[in-house]
Amino acid sequence: MTVVRFRLVHTLSGDPKIRLLLALLLASGMWFYVQHVLIVHQKADAALHGIPRGNLSDLYPRWLGARELLLHDRDPYSPEVTREIQAGYYGRPLDPTHPNDPVDEQRFAYPVYVVFLLAPTVALPFPAVQVVFRWFLVLLTAATVPLWLRTLRWRAALNTTAILVVLTLGSFPVLQGIKLQQLSLLVSGLVAGCALLLVNGYCVAAGILLALATIKPQLVLPLCAWLLLWTSGDWRRRQNLAWGFAGTMAGLLAASEYVLPGWIGRFREAVSAYRQYSDGAESVLDVLFTPEWGRIAAAGLLLILATVCWRNRRAAANSPVFGQILALILATTVMIVPKAAPYNQVLLLPGVLLLAQHWGILSGGNRVARATTWSCAFLMAWPWMAALALTMASLLVPQESVQKLWTLPLYTSLVIPAAVLLMLLYGLRKINDSGS
């Protein structure tokens, strides 16, 4: 998840109102790019190649599966429900004889207990659910900023918090997630709530939120492993986290087995099929370094992460180190999760906030360190600069010319997670050595 550094904005102007206006300008530029450049290009490309476009909501497969299971007792993993999902998502079922049809079959590839979170919506028409859920994601994502600020012990001023919220909501990963109604944003909010509850000592409630976040298990598996290790570091004081998590998971699994016996096997089959047909089932490391080298790099990252976690397993939840490790784990997750979609980069938010919080420390040092730090900052700021440039260009040149540059803000999309992770690995020791 990319957020323009508050410190960078601060160097441009000392007036808080001007800083906020600049943040609004950058966020507006990104919104304009997504709505009037990227989506326009996608629609034109779909019309040219006969690619079907329906509601294109990532919520729809989960919502329809939940409705069919809870209201009509149908298996959401079945081929029949999959075709109905395709009819809504793409506008018609996919046809393998059409060479330009998408390869993503949009199966119900979630744990079945996601239906319990969606249960209040299954009796409503989907257009109404879309509107409500979209605004829910906006509010939840905005709330994750102050949640993480408190977890990271950053007592930011109100104006600073407002700038960070605006830039978060105006970042490409978040806008993509909101447009698609992606459940990654819901998981991000649950993780942020879990982190703050742990910092404040509410371990049972934190365990409950962590269990609910497993609706996308690939996004929270490293975090669960760390918190299990952390709990073992002081079992007497931290065991309530394990009981809250285990109790909630047991309830979810039992209820899932009740509404759909044998669902785990069906879920495994759906995930396996997804990995085969999806053209995006590669991690960021796989894309950057090829799948073979990506797996080697992922193993190396996990080894480094495991070493850091083991050394800090006894760290107090309200210590700065605890928040730093959470940021490091989530940044690593974005790198290794088998889906390089930008919306997953919302999990980079605590890492980016941590880097912004200690920007003065990180940007010091020798020339190489300063050059590296500012280069990473430029990579993260590039999407806003490019989107704003295209927005301004659209006022001066024909739309056709702007459309030719539609990929410009996405140039650094894949390297942003790597930049954040490298900065965290480089910066955490420097931050702790400084005593901040």
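The values are calculated or read from the model by the stated rules, or taken from the named source; none is laboratory data. The shown structure was predicted, so the numbers you read here are calculated from the model rather than taken from an experiment. Glycine gets a Cβ as well: all are built from the backbone with ideal geometry, and neighbour counts include every protein chain shown.
Does Ala206 fit the bill of being hydrophobic (A, V, I, L, M, F, W, C), at pLDDT 95 or above, touching a Ser or Thr at 6+ places or on another chain (Cβ under 6 Å) and crowded, with 22+ Cβ neighbours inside 10 Å? Spell out the reasoning first.
Details: hydrophobic (A, V, I, L, M, F, W, C): yes; at pLDDT 95 or above: yes; touching a Ser or Thr at 6+ places or on another chain (Cβ under 6 Å): no; crowded, with 22+ Cβ neighbours inside 10 Å: yes.
No, not satisfied.
For residues that are of a type in the set (S, T, N, Q) and within 30 Å of Gly294 (Cβ to Cβ), tally how many sit in region 379-431.
Of the residues in region 379-431, 3 are of a type in the set (S, T, N, Q) and within 30 Å of Gly294 (Cβ to Cβ).
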Selection from region 297-322 of residues that are outside any helix (DSSP H, G or I), in contact (Cβ under 8 Å) with a residue 60 or more places away in the chain and over 15 Å from Leu223 (Cα atoms)
Arg314, Ala315, Asn318
Restricting attention to region 123-138, which residues are touching a Phe, Trp or Tyr at 6+ places or on another chain (Cβ under 9 Å) and buried (at least 19 other Cβ atoms within 10 Å of the Cβ)?
Val129, Phe133
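Can you confirm whether Pro261 is of a type outside the set (Lys, Arg) and in contact with an Asp or Glu (Cβ under 9 Å, 6 or more places away or on another chain)? Steps first, please.
Values: of a type outside the set (Lys, Arg): yes; in contact with an Asp or Glu (Cβ under 9 Å, 6 or more places away or on another chain): no.
No; evaluated as a whole, the condition is false for this residue.
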Exactly one of these conditions fails for Ala211: (1) under 23 Å from Val271 (Cβ atoms); (2) crowded, with 19+ Cβ neighbours inside 10 Å; (3) touching a residue at least 60 places away in the same chain (Cβ under 8 Å). Give me its number.
(3)
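Taking region 282-303 as the search range and keeping residues that are among the aliphatic types (A, V, I, L, M) and over 27 Å from Ile215 (Cα atoms), which one is surrounded by the fewest Cβ atoms within 10 Å (Cβ to Cβ)?
Here is the first cut: in region 282-303, the residues among the aliphatic types (A, V, I, L, M) are 284-285, 287-288, 296-299, 301-303.
Going one step further and asking which of them are over 27 Å from Ile215 (Cα atoms), we end up with 288, 296.
Working: Leu288: 17, Ile296: 13.
The residue in question is Ile296.
Out of all the residues in region 139-152, which are surrounded by 15 or more Cβ atoms within 10 Å (Cβ to Cβ) and either assigned to a helix (DSSP H, G or I) or hydroxyl-bearing (Ser, Thr, Tyr) (or both)?
Initially, region 139-152 is screened for residues surrounded by 15 or more Cβ atoms within 10 Å (Cβ to Cβ), giving 140-142, 144-152.
Hits for region 139-152 are Leu140, Thr141, Ala142, Thr144, Val145, Pro146, Leu147, Trp148, Leu149, Arg150, Thr151.
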Counting only residues that are without any contact (Cβ under 8 Å) to a residue 40 or more places away in the chain and over 30 Å from Ile304 (Cα atoms), region 406-436 contains a total of 2
Residues in region 47-71 that are surrounded by fewer than 17 Cβ atoms within 10 Å (Cβ to Cβ), among the small types (Gly, Ala, Ser) and closer than 20 Å to Tyr343 by Cβ: how many?
1
Please work out which one of (1) surrounded by fewer than 17 Cβ atoms within 10 Å (Cβ to Cβ); (2) in contact (Cβ under 8 Å) with a residue 40 or more places away in the chain; (3) not hydrophobic (A, V, I, L, M, F, W, C) is the condition Thr97 fails and give its number.
(2)
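Taking Pro338 as the residue in question, decide whether it is in contact (Cβ under 8 Å) with a residue 24 or more places away in the chain and closer than 21 Å to Leu353 by Cβ. Walk me through it before giving the result.
Values: in contact (Cβ under 8 Å) with a residue 24 or more places away in the chain: yes; closer than 21 Å to Leu353 by Cβ: no.
So Pro338 does not fit the description; no.
Please verify whether region 184-198 includes one or more residues that are of a type outside the set (Asp, Glu) and not in a helix (DSSP H, G or I). Walk me through how you get there before you give the answer.
Our first condition is that a residue be of a type outside the set (Asp, Glu); within region 184-198, this holds for 184-198.
Imposing the further condition that a residue be not in a helix (DSSP H, G or I) reduces the set to none.
No; the residues of region 184-198 include none that is of a type outside the set (Asp, Glu) and not in a helix (DSSP H, G or I).
Every residue, every condition in (1) within 22 Å of Ser184 (Cα to Cα); (2) part of a helix (DSSP H, G or I), yes or no:
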position	(1), (2)
Ala331	yes, yes
Ala340	yes, no
Leu349	yes, yes
Val352	yes, yes
Leu355	no, yes
Gly365	no, no
Condition check for Ala389: in a helix (DSSP H, G or I), farther than 28 Å from Arg275 by Cβ and at pLDDT 95 or above
yes
For region 366-410, name all the residues that are polar (S, T, N, Q) and either more than 11 Å from Val37 (Cα to Cα) or surrounded by 13 or more Cβ atoms within 10 Å (Cβ to Cβ) (or both).
Asn366, Thr372, Thr373, Ser375, Thr391, Ser394, Gln403
Which condition breaks for Asp279 when tested against (1) modelled with pLDDT under 90; (2) of a type in the set (Asp, Glu); (3) crowded, with 17+ Cβ neighbours inside 10 Å?
(3)
